[in-house]
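The values are calculated or read from the model by the stated rules, or taken from the named source; none is laboratory data. Just so it is clear, the structure is predicted and the values come from calculations on it, not from any experiment. Every residue, glycine among them, receives a Cβ derived from its backbone with ideal geometry; neighbour counts consider all protein chains shown. What goes into the accessible areas is simple: the full protein's heavy atoms, side chains included, and nothing from ligands, DNA or RNA. Shrake-Rupley method; radii C 1.70, N 1.55, O 1.52, S 1.80 Å.
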Amino acid sequence: MKTLIIYDSMYRNTKQIAKSIGDAITGDVKVLRIGEVNPSELESIDLLIVGSPTHGFRPTKLIQTFIDNIPGHTLRGIDVAAFDTRIPASEVRTGLRLLMRLGGYAAKRIADALKKKGGTW
Ligand SMILES: Cc1cc2nc3c(=O)[nH]c(=O)nc-3n(C[C@H](O)[C@H](O)[C@H](O)COP(=O)(O)O)c2cc1C
């Protein structure tokens, strides 16, 4: 099985998780930072995993732009998964915690975007 893991990371936490997921998956696994990905690499994979820090309730601009630019239905027949990193809810005050819960996090938005491109969840 061929797996591509794409991540963005500002402070390296998401990078570490991406690499750990890569280490845990068997088969042909590539872990690439968002800027290193050649879109043609999407054509020959079985599983695509995309991870991003949550920035303002959503994935980073680079991740969003990358997914937006995937031609429609390129991911048809490819399994997709998403993960994010975020501030632990226990570390913020109640008001902000509520706002964060309402605003959401990056992973769901990534998953929805990958599904729109034909990916199988
Ligand atoms: C500009 C900016 C915006 C952020 N917005 C959110 C947010 O909306 N919700 C949240 O839970 N964490 C937010 N965070 C915290 C990051 O998601 C968290 O620091 C992330 O896990 C760091 O990942 P990294 O080490 O891979 O960069 C934000 C951080 C930055 C720098």
Working with all protein chains in place, sort HIS73, HIS55 by solvent-accessible area computed with a 1.4 Å probe, largest first.
HIS73, HIS55
Label-point separation (nm) for ASP23 and LEU102, each offset 7 Å from Cα along Cα-to-Cβ?
4.0 nm
Which of the peptides 13-23, 30-40 is most tightly packed, and how do the rest follow, going by the mean number of other Cβ atoms within 10 Å of each residue?
13-23, 30-40
Cβ-Cβ FRET estimate between SER44 and MET10, R0 fixed at 25 Å, reported to 0.05
0.25
Against the longest alpha carbon principal axis of the chain, how many degrees, from 0 to 90 and to the nearest 10, is the axis of helix 94-103 turned?
30 degrees
Apportionment of accessible area to carbon and sulfur, the chain, percent (1.4 Å)
53 percent
If you average the C-alpha positions of the stretch 92-121 and of the stretch 53-89 separately, how far apart do those two centres end up, in angstrom?
10 Å
Using a cut-off of 13 Å between alpha-carbon atoms, which aspartates and glutamates can reach LYS2, once sequence neighbours fewer than 8 places away in the same chain are excluded?
ASP28, GLU41, GLU43, ASP46, ASP79
What fraction of the DSSP beta bridges in the chain is antiparallel, stated in percent and rounded to the nearest 5?
5 percent
Could you give the angle, 0 to 90 degrees to the nearest 10, between helix 13-24's Cα long axis and the longest principal axis of the Cα atoms of the chain?
40 degrees
Using helices alone, what [θ] at 222 nm do you get for the chain, with -39,500 (n - 2.57) per DSSP H run of 4 or more residues, divided over all residues and rounded to the nearest 500?
-10000 deg cm²/dmol
For the chain, what does the accessible surface come to per residue with a 1.4 Å probe? Please give it in Å².
60 Å²
Debye log10 I(q)/I(0) for the chain, one point scatterer per Cα, at q = 0.10, 0.13, 0.16, 0.22 Å⁻¹
-0.30, -0.49, -0.73, -1.25
Vicinal HN-Hα couplings computed from phi for the stretch 69-81 (Karplus, 6.51 cos²θ - 1.76 cosθ + 1.60; Hz; Gly/Pro x):
8, 5, x, x, 6, 4, 8, 4, x, 10, 6, 10, 8
